[in-house]
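A.B. asks: First, the structure itself, so that you have it in front of you.
The values are calculated or read from the model by the stated rules, or taken from the named source; none is laboratory data. Just so it is clear, the model here is predicted, and its values are computed rather than measured. As a convention, Cβ positions derive from the backbone with ideal geometry for all residues, glycine included, and neighbour counts pool all protein chains shown. Side chains included, ligands, DNA and RNA excluded: accessible areas come from the protein's heavy atoms. Shrake-Rupley method; radii C 1.70, N 1.55, O 1.52, S 1.80 Å.
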Amino acid sequence: MHARARSAGAECPHCGSTSGRVHGRYIRRLADAAVGGARVVIELLVRRFKCPNPACRAVTFAEQIAGLTSPHARYTPLVREQLTSIALVLAGGAGARLAAALGLCVAKDTRLRLVRATPEEFVGQIRVLGVDDFALRKGD
């Protein structure tokens, strides 16, 4: 699938100023959710803009499409959620087989990276850390 943004300009992620001056273009490939068992790759024509603010640390920046892209990502947010769920529930070979059946072939390191990036749930205050034989004898 080929796509491009239709907006006239983009906002600099560093200083927030809007630019309409295109510096260059490149093709970005994003993996999307499979349709009918077939893999989907979105080829997105991305524009690089020059930042109009001379005090900004970014001379150029790439446009981001809300809900579809994030900096340096190779997957859409939907695919990232699917892969994270698979990696959390089915680690190892079972997760690889399910991902392949869904048309989401990724390396094991990618699945591990997604698991590590998942924030941990808040546990709260821990009252008992462990139970030993002596505590059971004392009734604690």
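A.B. asks: If I model region 1-96 as equal point scatterers sitting on the Cα atoms and use the Debye formula, what is log10 I(q)/I(0) at q = 0.14, 0.17, 0.25 Å⁻¹?
C.D. replies: Those come out to -0.62, -0.80, -1.27, one per q.
A.B. asks: Residues with beta-carbon under 10 Å from that of Gly9, excluding Gly9: net charge, scoring Lys, Arg +1 and Asp, Glu -1? Don't skip to the end; give the middle numbers.
C.D. replies: Details: positive: Arg21, Arg47; negative: Glu11, Glu63.
After counting each charged neighbour, the total is 0.
A.B. asks: Taking the Cα centre of the chain as the origin and placing charges on Cβ (Lys, Arg +1; Asp, Glu -1), which of Ala91, Thr118, Ala58 is farthest toward the positive end of the dipole?
C.D. replies: Ala58
A.B. asks: In percent, how large is the relative contact order of the chain, given Cα pairs closer than 8 Å and 6 or more residues apart?
C.D. replies: On the way: 182 pairs, mean separation 26.5, N = 140.
Once divided by the residue count of the chain, the mean separation gives 19 percent.
A.B. asks: What's the magnitude of the charge dipole for the chain around its Cα centre, counting Lys and Arg as +1 and Asp and Glu as -1 at the beta-carbon? Answer in Debye, nearest 20.
C.D. replies: Numbers: 21 positive and 11 negative charges, 155 e Å.
Dipole about the Cα centre, nearest 20: 740 debye.
A.B. asks: Could you work out how far helix 77-89 tilts from the main Cα principal axis of the chain, as a 0 to 90 degree angle to the nearest 10?
C.D. replies: Roughly 20 degrees, rounded to the nearest 10.
A.B. asks: Right, next: Within region 71-113, find all residues whose amide N lies under 17 Å from a label point positioned 7 Å from the Cα of Arg29 along Cα-to-beta-carbon.
C.D. replies: Residues passing the 17 Å test: 72-76, 103-107.
A.B. asks: Quick check: net charge around Leu30, other residues with Cβ under 9 Å of its Cβ, Lys/Arg +1 and Asp/Glu -1? Before the final figure, lay out each step's value.
C.D. replies: On the way: positive: Arg28, Arg29, Arg74; negative: Asp32, Glu43.
Surrounding charge for Leu30 is +1.
A.B. asks: Next question, about the same structure. Name the residues whose placed amide hydrogens come within less than 5 Å of the amide hydrogen of Tyr75, ignoring near sequence neighbours (fewer than 5 apart) on the same chain.
C.D. replies: Ala31
A.B. asks: Can you give the angle from 0 to 90° between the axis of helix 108-117 and the longest principal axis of the chain, with both taken from C-alpha atoms, to the nearest 10?
C.D. replies: It is inclined by approximately 80 degrees.
A.B. asks: Oh, and also: Which longest uninterrupted range of the chain lacks any GluC sites (Glu not before Pro) assigned by DSSP to a loop state (not H, G, I, E or B) and surrounded by at most 12 other Cβ atoms within 10 Å?
C.D. replies: Numbers: sites that count: Glu120, Glu121.
Excluding the exposed sites themselves, the longest stretch runs over 1-119.
A.B. asks: Rule-of-thumb check for region 2-56: C-alpha Rg over 2.2 N^0.38 Å? Numbers along the way, then the final one.
C.D. replies: Values: Rg = 14.8 Å, N = 55, 2.2 N^0.38 = 10.1 Å.
Rounded to two decimals, the normalised Rg is 1.47.
A.B. asks: If R₀ is 30 angstrom, what is the calculated FRET efficiency for the pair Ile42 and Lys108, using the beta carbon separation as r and rounding to 0.05? Intermediate results must be reported in sequence, preceding the final value.
C.D. replies: On the way: r = 24 Å, r/R0 = 0.81.
Calculated transfer efficiency: 0.80.
A.B. asks: Calculate, for region 1-68, the solvent-accessible area per residue in square angstrom, rolling a 1.4 angstrom probe over the heavy atoms of the protein chains.
C.D. replies: Details: 4390 Å² over 68 residues.
With the other protein chains kept in place, region 1-68 gives 64 Å² per residue.
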